[in-house]
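Quick notes on the structure that follows.
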Amino acid sequence: MLDKPVMNAFWRFLRDKRNQQVLGCREALKERTRARVPLDWAMMQSNLGVALSRLGEREGGTGKLEEAVAAQREALKERTRERVKRRPLRLPTPPQQ
């Protein structure tokens, strides 16, 4: 088992990495606007939601988790069943004998 200073350093590293992910998503959303590329925007918005939820899992309070839910809800406004083509399920073919 790792000692406490090592674990604390590890969690700080993860927190910093996740903060960078959040910032990266927010920067990308400035370029991939909802008006220009709605489905790309929705995917990046969803990625932002995932990054925020992971960040919020380790923090006290619910602020980041609430932001994550809001980001995912916004993404779902664009990624509707009507707008996203559904691919048929492709089952693997059994090997030929």
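Annotation note: of Gln96, Gln20, the sole residue that is open to solvent by 100 Å² or more (accessible area, probe 1.4 Å) and either at pLDDT below 80 or outside any helix (DSSP H, G or I) (or both) is Gln96.
Selection over the stretch 19-33 of residues that are charged (D, E, K, R) and under 12 Å from the mean Cα position of the chain (by Cα) gives a count of 1.
The numbered conditions (1) under 26 Å from Asp16 (Cβ atoms); (2) out of contact with any Cys (no Cβ under 6 Å at 6 or more places or on another chain); (3) of a type in the set (S, T, N, Q) are all true for Asn47 except (2). When Leu2 is tested against (1) crowded, with 17+ Cβ neighbours inside 10 Å; (2) of a type in the set (A, V, I, L, M, F, W, C); (3) modelled with pLDDT under 85, exactly one condition is not met: (1).
Do we find a residue being of a type in the set (Asp, Glu) and open to solvent by 100 Å² or more (accessible area, probe 1.4 Å) anywhere in the stretch 67-81? No - not one qualifying residue is present in the stretch 67-81.
Quick check on my filter: what residues within the stretch 18-75 are more than 26 Å from Arg86 (Cα to Cα) and among the aliphatic types (A, V, I, L, M)?
From the stretch 18-75, those more than 26 Å from Arg86 (Cα to Cα) are 18-24, 26-27, 30-31, 52-67; that's our starting set.
Listed by number, the residues that qualify are Val22, Leu23, Leu52, Leu55, Leu65.
If the condition is being open to solvent by 50 Å² or more (accessible area, probe 1.4 Å) and under 12 Å from the mean Cα position of the chain (by Cα), then the stretch 48-64 contributes Val50, Arg54.
Residue by residue, here is whether (1) at pLDDT below 95; (2) of a type in the set (A, V, I, L, M); (3) out of contact with any strand residue (DSSP E or B) (no Cβ under 9 Å at 6 or more places or on another chain); (4) assigned to a loop (DSSP other than H, G, I, E, B) holds:
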{"residue": "Met43", "(1), (2), (3), (4)": "yes, yes, yes, no"}
{"residue": "Ser53", "(1), (2), (3), (4)": "yes, no, yes, no"}
{"residue": "Glu57", "(1), (2), (3), (4)": "yes, no, yes, no"}
{"residue": "Glu66", "(1), (2), (3), (4)": "no, no, yes, no"}
{"residue": "Val69", "(1), (2), (3), (4)": "no, yes, yes, no"}
{"residue": "Gln72", "(1), (2), (3), (4)": "no, no, yes, no"}
{"residue": "Arg81", "(1), (2), (3), (4)": "yes, no, yes, yes"}
{"residue": "Lys85", "(1), (2), (3), (4)": "yes, no, yes, yes"}
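The values are calculated or read from the model by the stated rules, or taken from the named source; none is laboratory data. Computed from a prediction, not measured in an experiment: that's the story for all the values here. Using ideal geometry, Cβ is built from the backbone for each residue, glycine included, and neighbour counts are taken over all protein chains shown. Heads up: the accessible areas ignore ligands, DNA and RNA and are worked out on the full protein's heavy atoms, side chains in. Shrake-Rupley method; radii C 1.70, N 1.55, O 1.52, S 1.80 Å.
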